[in-house]
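**Q** First, the structure itself, so that you have it in front of you.
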Amino acid sequence: MPSVVVIGAQWGDEGKGKIIDYLAGQAKVVVRSQGGNNAGHTVIVEDKKYAFHLLPSGVLYKDKVNIISNGVVFDPEGFLKEIEILQSQGVDTSNIKIDERVHVIFPYHKKIDALEEEARGDQQIGTTKKGIGPCYMDKIERSGIRLGEMLDKELFKERLFYQVDRKNKIIEKIYDSQGFDKEEIFNTYCDYAEKIKQYVTDTTVIVHEALEAGDKVLFEGAQGTLLDIDLGTYPYVTSSHPTSGGFCVGAGVGPNRLGEILGIVKAYTTRVGHGPFPTELFNETGDLIREKGNEYGTTTRRPRRCGWFDGVMVKYTARVNGLTGISLMLLDVLSGFEKIKICTGYEMDGKVIHHFPANLKTLGRCKPIYEELDGWDEDITNIERYEDLPLNARKYIDRIEDYLGLPVKMVSVGPKRSQTIVRETLF
Ligand code: IMP
C-alpha cells in the first residue's frame, strides 16, 4: 500500500512535523486533512527553522503536491501570512491545492472562541483561539461557508451577510461585546479570495488518482489522538478527528486506502491546555524535561505540562487508530536521568486498572503505577544506528515495544532531519 498515515498518539506536539518532513521527502502527495492553523509543526532543515500551522510540511520539497483537504477548517488570513513567511525564507509555495469544501474561518469565529473561553472561567479548555471550534460548529450545524462558495461573490455575500447578522446577535446579546461590520469582512475576504483562488480545486480527485497510480501518499496528522472530539479527553479536546478514521472522511478516502499507520509519541508525555494528565510531574524532573525538550507551544508559546511516558494511554491510542508502528521522539531529552519511569497501570480508588478511562473524573483520580528503568548518561544526538544507542536506551525502547506490542520503527535523537534512526523504511 503506497500510503503512510502519521498520527499524533498522545496530546499533540509529539514531533510529527519532523517525521512528516522526513517521509514527505519520499512521497509524491502530502495531505493535511483536519484541524486548522491551531496546529504547530516545527521543521529544521540545514539549521533553518520553519514553523507550519496550516500548510502541509511537504512544501519544503519542490516536487510534492501539497493538499489541504476537505476536513480542514481554513483561515485565509493565516494561510496567506504563512505563505508569505515561507516565501521570504525562499520556499516555493506554488504546489499547494486546497479543497473547495474546506470550511472558512471568519473573524466572528475567532472572537466567539475567545469570548466563550472567557465565559467558561475556571472551566476553560485552553483553546488556541483560532476559531477552530466555532467554525466546526457551523459546519456541523450546516450553516458554515465553504471555500468554493467564497469564490462565488454573489452567493458569498448572501451567505456571509446572513451569518454576520446572526453572529452579531450572539456576540452582542450573549457576550455583551461588539459585533462586526459585514461589508468590511466581505471586502477583506473578497481580496483573500482573489489571492487564494489559484489554489482551489477538488482535491479528492488528486488523492484518488495518486493512490490508483500507486504514487506514494502521505497523510499528515495534526494535534493528537487524545484531542479527538470523540475519542479524546472530552471536553479538553479540539473539534476535529486527529485519528486514523478522521483521514478517511477528512480526505475522502476509504479505510482500505490507509497503509502504514504510524503513531508519533514522545519518549515522555506533554500536554498544553487543561484536563487530567495522570503522569504529570510537578517537580524538578518535570521542569528539567520542559527545559531540555524546549516544551513551549509553537503556536501559543505556552509552557507545556510534562510527565513520564504513559503506556496505558498509548496502548489506548494505538488501539483506536489501529497503529502499525511507533516513532519514538525526543529520546535525547531523557539522557542524563538516573532513572526513567514508564507508567504501565493506574491505581484508581484502591483498584489497579490497565485501560484508559473514558470518564474524566475517573481519569483525574488515576495514580500512575510505574516501572523504573535505569537511565543513561551518554549524549545520543549523533547516533545514527539503533545498535549504537547505549544499552539502557535500547532497553527502554524494547520495554515500550514489548508493553505496546508494536514495533518502534523510528527513533528521533534531535531536532534535525539527520538526527533520525530509521529501523524500518515505510514507503
Ligand atoms: P482548539 O483546537 O484551538 O479548539 O483547542 C482545543 C484544545 O486542543 C486545547 O487544549 C489546545 O491547546 C489543544 N490543541 C489544539 N491544537 C493543538 C496542537 O497542534 N498541539 C497540541 N495541542 C493542541
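**Q** Within the accessible area of segment 301-427, what % is carbon and sulfur when the probe is 1.4 Å and the other protein chains stay in place?
**A** Details: 2760 of 5870 Å².
Using a 1.4 Å probe with all protein chains present, segment 301-427 comes out at 47 percent carbon and sulfur.
**Q** In segment 10-108, how many lysine pairs have Cα atoms under 18 Å apart, counting only pairs 8 or more places apart or on different chains?
**A** The result is 16.
**Q** How large is the charge dipole for segment 103-196, taken about the Cα centre, if only the Cβ atoms of Lys, Arg (+1) and Asp, Glu (-1) carry charge, to the nearest 20 debye?
**A** Details: 17 positive and 19 negative charges, 47 e Å.
Dipole size: approximately 220 debye.
**Q** Can you list which of the trypsin sites (Lys or Arg not before Pro) found in segment 126-181 are DSSP loop residues with at most 10 other C-beta atoms within 10 Å?
**A** Passing sites in segment 126-181 are 142.
**Q** Order 242-249, 301-308 from most to least packed using the mean count of other Cβ atoms within 10 Å.
**A** Output ranking for 242-249, 301-308: 242-249, 301-308.
**Q** Residue 367: which aspartates and glutamates have alpha carbons under 15 Å from its alpha carbon, excluding same-chain residues fewer than 8 sequence positions away?
**A** Answer for residue 367, where 15 Å is the Cα cut-off: 280, 310, 347, 349, listed by chain and number.
**Q** Taking all protein chains as present, what is the carbon and sulfur share of the accessible area of segment 103-196, in % to the nearest whole number, probe 1.4 Å? Each step should come with its number before you reach the end.
**A** Details: 2430 of 5130 Å².
Roughly 47 percent of what the probe reaches on segment 103-196 is carbon or sulfur.
**Q** Mind giving me the nanometre distance, one decimal, between the label points for residue 338 and residue 352, set 7 Å out from Cα along Cα→Cβ?
**A** 2.6
**Q** When the dipole is taken about the Cα centre of the chain, and only Lys, Arg (+1) and Asp, Glu (-1) are charged at their Cβ, what size is it in debye, to the nearest 20?
**A** I would put it at about 500 debye.
**Q** Using only the alpha carbons of segment 362-427, what is the convex hull's orientation-averaged projected area in square nanometres?
**A** Details: hull surface 26.4 nm².
That works out to 6.6 nm².
**Q** Which of 135, 219, 33 sits farthest toward the positive end of the charge dipole of the chain, with +1 on the Cβ of Lys and Arg and -1 on the Cβ of Asp and Glu?
**A** Working it through, the farthest residue towards the positive pole turns out to be 135.
**Q** Further, regarding this structure: Residue by residue through segment 97-103, what is 3J(HN,Hα) from phi via Karplus (6.51 cos²θ - 1.76 cosθ + 1.60, θ = phi - 60°)? Round to whole Hz and write x for glycine and proline.
**A** Each residue of segment 97-103 in turn: 10, 10, 6, 5, 8, 4, 8 Hz.
**Q** Hey, could you grab the Kirkwood Rh for segment 103-196? Inverse mean 1/r over distinct alpha carbon pairs, Å, one decimal.
**A** Details: mean 1/r = 0.0728 Å⁻¹.
Computed over Cα pairs of segment 103-196, the Kirkwood hydrodynamic radius comes out at 13.7 Å.
**Q** Where in segment 309-348 does the label zone of residue 359 land, with the point 7 angstrom along Cα→C-beta and an amide N cut-off under 16 Å?
**A** 347-348
**Q** Compare 324, 270 by solvent-accessible area with a 1.4 Å probe and give them largest first, with all protein chains kept in place.
**A** My answer, sorted largest first, is 324, 270.
**Q** Counting DSSP beta bridges in the chain, what percent are antiparallel, to the nearest 5? Mind dumping the intermediate values first?
**A** Numbers: 25 of 61 bridges.
Within the chain, antiparallel bridges account for around 40 percent of the total.
**Q** Note down the nm distance, to one decimal, between modelled labels 7 Å out along Cα→Cβ at residue 161 and at residue 377.
**A** With each label point 7 Å from Cα toward Cβ, the separation is 7.5 nm.
**Q** Here's something else I'd like to know. Probe of 1.4 angstrom, ligands and nucleic acids ignored: what's the accessible area per residue over segment 29-153, in square angstrom?
**A** 39
**Q** Multiply the residue gap between residue 49 and residue 198 by 0.36 nm, knock off their C-alpha separation, and tell me the result in nm, one decimal place.
**A** 50.9 nm
**Q** Could you tell me the accessible area of residue 367 in Å² (1.4 Å probe, neighbours in place), rounded to the nearest ten?
**A** Ignoring ligands and nucleic acids, residue 367 comes out at about 120 Å².
**Q** Given a 1.4 Å probe and the protein chains all in place, what does the accessible area of residue 274 round to, in Å² to the nearest 10?
**A** Its heavy atoms expose roughly 90 Å² to the probe.
**Q** Is there a quick way to get the dipole size of segment 23-86? I mean about its Cα centre, with the Cβ of Lys and Arg at +1 and of Asp and Glu at -1; what is the value in debye to the nearest 20?
**A** Around 220 debye, computed over segment 23-86.
**Q** Collect residues whose amide H, placed 1.01 Å from N in the peptide plane, falls under 5 Å from the amide H of residue 34; neighbours closer than 5 in sequence don't count.
**A** Placed amide hydrogens put 222 under 5 Å from residue 34.
**Q** Moving on. Just to be sure I understand the model, the point goes 7 Å from the Cα along the line to the Cβ. What's the resulting residue 384 to residue 398 distance in nm?
**A** Modelled inter-label distance: 2.5 nm.
**Q** Run the count for segment 103-196, please: Lys pairs, Cα-Cα under 12 angstrom, 8 or more apart or on different chains.
**A** 8
**Q** Work out, step by step, the length gained on full extension between residue 119 and residue 215: first 0.36 nm times the residue separation, then minus their alpha carbon distance; give nm to one decimal.
**A** Contour length minus the Cα-Cα distance gives 29.7 nm.
**Q** Taking the convex hull of the Cα atoms, report for the chain its projected area averaged over all directions, in nm².
**A** 20.2
**Q** Roughly how much of residue 88 is accessible, in Å² to the nearest 10, using a 1.4 Å probe?
**A** Looks like 100 Å² after rounding.
**Q** Take the Cβ-Cβ distance between residue 186 and residue 416 as r, set R0 to 51 Å, and report the resulting FRET efficiency rounded to the nearest 0.05.
**A** Computed FRET efficiency for residue 186 and residue 416 comes out at 0.70.
The values are calculated or read from the model by the stated rules, or taken from the named source; none is laboratory data. Everything numeric here is computed off the predicted structure, so don't read it as measured data. Cβ sites come from the backbone with ideal geometry, for glycine too, and all protein chains shown count toward neighbours. All accessible areas refer to the heavy atoms of the entire protein, side chains included, with ligands and DNA or RNA removed. Shrake-Rupley method; radii C 1.70, N 1.55, O 1.52, S 1.80 Å.
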